[in-house]
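A.B. asks: Encoded as structure tokens, here's the structure I'll be asking about.
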Amino acid sequence: GSNTSESQAKTGAKNDDGGDESGKAARRKSLEDATYFEDGSEHNAFRIPLRLTKSGRKRATPFPIKLMKVLSEPDNSDYIAWTPSGKAFMILQPKDFVAKVLPDEFKSAKYSSFTRKLHRWGFMRHYRGPDAGAFFHKHF
């Protein structure tokens with residue numbers, strides 16, 4: 001009856017297929033209605049939704065999502081920007097990028113660590129043509 005479903009919802013009891021129905025629904029609902037963002041701001045064109053583990057702890061944000069956020073912020077356009085083709089991005093002022101952007105957005109504060117991470121995620125560098133020096137990835 002309705003008492004059973006109410007008590008299951010209150011206790012987070014498992015449903016027949018072994019999943020935690022009320023917990024999944026609550027997490028899905030909180031992500032759909034996401035008003036909480038990791039950076040806490042409202043001005044970004046690209047905001048990172050707060051991602052939580054099943055136990056409610058904050059999940060690490062994947063590197064490509066952080067990179068997209070950095071590229072989307074107008075304040076960073078002097079340091080890192082999309083190429084005219086829109087298929088790659090270029091670090092325009094590496095020293096300022098390291099000093100002003102890396103410490104705030106990424107754990108490392110070294111340019112070499114950042115480029116190594118780009119390569120580890122499959123980004124490649126253009127060596128010739130109009131986008132020479134820019135990084136690209138076929139799925140980014």
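The values are calculated or read from the model by the stated rules, or taken from the named source; none is laboratory data. In this text, all values refer to a predicted model and were calculated from it rather than measured experimentally. As a convention, Cβ positions derive from the backbone with ideal geometry for all residues, glycine included, and neighbour counts pool all protein chains shown. Side chains included, ligands, DNA and RNA excluded: accessible areas come from the protein's heavy atoms. Shrake-Rupley method; radii C 1.70, N 1.55, O 1.52, S 1.80 Å.
A.B. asks: Inside region 92-108, can you point out the residues that are open to solvent by less than 60 Å² (accessible area, probe 1.4 Å) and among the hydrophobic types (A, V, I, L, M, F, W, C)?
C.D. replies: Phe97, Val98, Val101, Leu102, Phe106 - these are the residues of region 92-108 that are open to solvent by less than 60 Å² (accessible area, probe 1.4 Å) and among the hydrophobic types (A, V, I, L, M, F, W, C).
A.B. asks: Quick check on my filter: what residues within region 48-85 are open to solvent by 30 Å² or more (accessible area, probe 1.4 Å), within 20 Å of Tyr127 (Cβ to Cβ) and either at pLDDT 90 or above or among the hydrophobic types (A, V, I, L, M, F, W, C) (or both)?
C.D. replies: Trp82, Pro84
A.B. asks: Pick from Ser85, Ser72: which is touching a residue at least 24 places away in the same chain (Cβ under 8 Å) and touching an Asp or Glu at 6+ places or on another chain (Cβ under 7 Å)?
C.D. replies: Testing whether each residue is touching a residue at least 24 places away in the same chain (Cβ under 8 Å) and touching an Asp or Glu at 6+ places or on another chain (Cβ under 7 Å) leaves just Ser85.
A.B. asks: Okay, moving on. Restricting the first residue to region 122-134 and requiring it to be under 23 Å from Phe63 (Cα atoms) and touching a residue at least 24 places away in the same chain (Cβ under 8 Å), which pairs with a second residue that is assigned to a loop (DSSP other than H, G, I, E, B) and open to solvent by less than 30 Å² (accessible area, probe 1.4 Å) meet a Cβ separation below 6 Å and a spacing of at least six or different chains?
C.D. replies: If the second residue must be assigned to a loop (DSSP other than H, G, I, E, B) and open to solvent by less than 30 Å² (accessible area, probe 1.4 Å), the pairs left are His126/Ala134; Asp131/Thr83; Ala134/Thr83.
A.B. asks: Can you confirm whether Ala99 is in a strand (DSSP E or B) and modelled with pLDDT of 90 or more?
C.D. replies: Against the criterion (in a strand (DSSP E or B) and modelled with pLDDT of 90 or more), Ala99 does not qualify.
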